[in-house]
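Participant: Below: one structure in structure tokens.
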Amino acid sequence: MTTEAKPRRPQQVHTLLVEVGRKPGDGLPKNATGAALLCYASGVEEAEAVRETVAILQQADLSVLEVTGQGTREEREAGGEKIDPEELELMERALAENSVVVAVITPFFD
């Protein structure tokens, strides 16, 4: 009995918007109530990219509250979005390193 290997699905970069709350040692500004993080994460599917992103952020002592997928590069461009060269560079880095890149951290204040 011969079993053929399933073709591997390629890694894609997913754009994720992550909302975090406060936690001791999180590194956010003193008066911040939380933050939004724009991340680029590689994964075969969005669920994998989300799991990896949450795991890495939790290791960094961040309290993840919510993750919203913004789509892959292809999905975003198909929706008419123009992606600037700096963002493309970060996406390529996430793909090449099979990693999560936190591109922007925006703290929330009351």
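The values are calculated or read from the model by the stated rules, or taken from the named source; none is laboratory data. Keep in mind that this is a model prediction, so the values were computed, not measured. All Cβ positions, even for glycine, are placed from backbone atoms using ideal geometry, and neighbour counts span all protein chains on display.
Participant: Looking only at segment 68-86, which residues are within 21 Å of residue 48 (Cα to Cα) and either surrounded by 12 or more Cβ atoms within 10 Å (Cβ to Cβ) or without any contact (Cβ under 8 Å) to a residue 40 or more places away in the chain (or both)? First the steps, then the outcome.
Facilitator: Applying the first criterion (within 21 Å of residue 48 (Cα to Cα)) to segment 68-86 yields 68-76.
Once the filter is applied, which keeps residues that are within 21 Å of residue 48 (Cα to Cα) and either surrounded by 12 or more Cβ atoms within 10 Å (Cβ to Cβ) or without any contact (Cβ under 8 Å) to a residue 40 or more places away in the chain (or both), segment 68-86 yields 69, 70, 71, 72, 73, 75, 76.
Participant: Further question on the same structure: Which of the residues that make up segment 1-33 are touching a strand residue (DSSP E or B) at 6+ places or on another chain (Cβ under 8 Å) and either free of Cβ contacts under 8 Å to residues at least 12 places away in the same chain or in a loop (DSSP other than H, G, I, E, B) (or both)?
Facilitator: Going residue by residue through segment 1-33, those that are touching a strand residue (DSSP E or B) at 6+ places or on another chain (Cβ under 8 Å) are 11-23, 26, 28-29, 32-33.
Listed by number, the residues that qualify are 11, 22, 23, 26, 28, 29, 32, 33.
Participant: Which of the residues that make up segment 20-44 are of a type in the set (D, E, K, R) and under 11 Å from the mean Cα position of the chain (by Cα)? Quick ask: steps written out before the conclusion?
Facilitator: Step one: of segment 20-44, the residues of a type in the set (D, E, K, R) are 22-23, 26, 30.
Hits for segment 20-44: nothing passes.
Participant: Considering only segment 14-28, I want to know if a residue exists there that is over 18 Å from residue 104 (Cβ atoms), modelled with pLDDT under 95 and among the small types (Gly, Ala, Ser).
Facilitator: Checked segment 14-28: at least one residue is over 18 Å from residue 104 (Cβ atoms), modelled with pLDDT under 95 and among the small types (Gly, Ala, Ser).
Participant: How many residues, within segment 91-110, are among the aromatic types (Phe, Trp, Tyr) and within 17 Å of residue 53 (Cβ to Cβ)?
Facilitator: The total comes to 0.
Participant: Which condition from (1) more than 14 Å from residue 17 (Cβ to Cβ); (2) in contact with a helix residue (DSSP H, G or I) (Cβ under 6 Å, 6 or more places away or on another chain) is the one that residue 90 breaks?
Facilitator: (2)
Participant: Same structure, new question: Condition first: over 25 Å from residue 9 (Cβ atoms) and small (Gly, Ala, Ser). Now tell me which residues in segment 50-82 satisfy that. Let's see the steps before the verdict.
Facilitator: Step one: filter segment 50-82 for residues over 25 Å from residue 9 (Cβ atoms), giving 58-66, 80, 82.
Residues satisfying the conditions are 60, 63, 80.
Participant: Does at least one position in segment 34-49 carry a residue that is free of Cβ contacts under 8 Å to residues at least 60 places away in the same chain, over 29 Å from residue 10 (Cβ atoms) and either assigned to a loop (DSSP other than H, G, I, E, B) or among the basic types (Lys, Arg) (or both)?
Facilitator: Within segment 34-49 (the criterion being free of Cβ contacts under 8 Å to residues at least 60 places away in the same chain, over 29 Å from residue 10 (Cβ atoms) and either assigned to a loop (DSSP other than H, G, I, E, B) or among the basic types (Lys, Arg) (or both)), the answer is no, since none of the residues qualifies.
Participant: Would you confirm whether any residue within segment 67-84 is in contact with a strand residue (DSSP E or B) (Cβ under 6 Å, 6 or more places away or on another chain), over 30 Å from residue 109 (Cβ atoms) and of a type in the set (Val, Ile, Thr)?
Facilitator: So far as segment 67-84 goes, yes, one or more of its residues are in contact with a strand residue (DSSP E or B) (Cβ under 6 Å, 6 or more places away or on another chain), over 30 Å from residue 109 (Cβ atoms) and of a type in the set (Val, Ile, Thr).
Participant: Among the residues of segment 71-88, write down those that are among the hydrophobic types (A, V, I, L, M, F, W, C), under 17 Å from the mean Cα position of the chain (by Cα) and in a helix (DSSP H, G or I).
Facilitator: Here is the first cut: in segment 71-88, the residues among the hydrophobic types (A, V, I, L, M, F, W, C) are 78, 83, 88.
Still in the list and also under 17 Å from the mean Cα position of the chain (by Cα): 83, 88.
The answer is 88, and nothing else.
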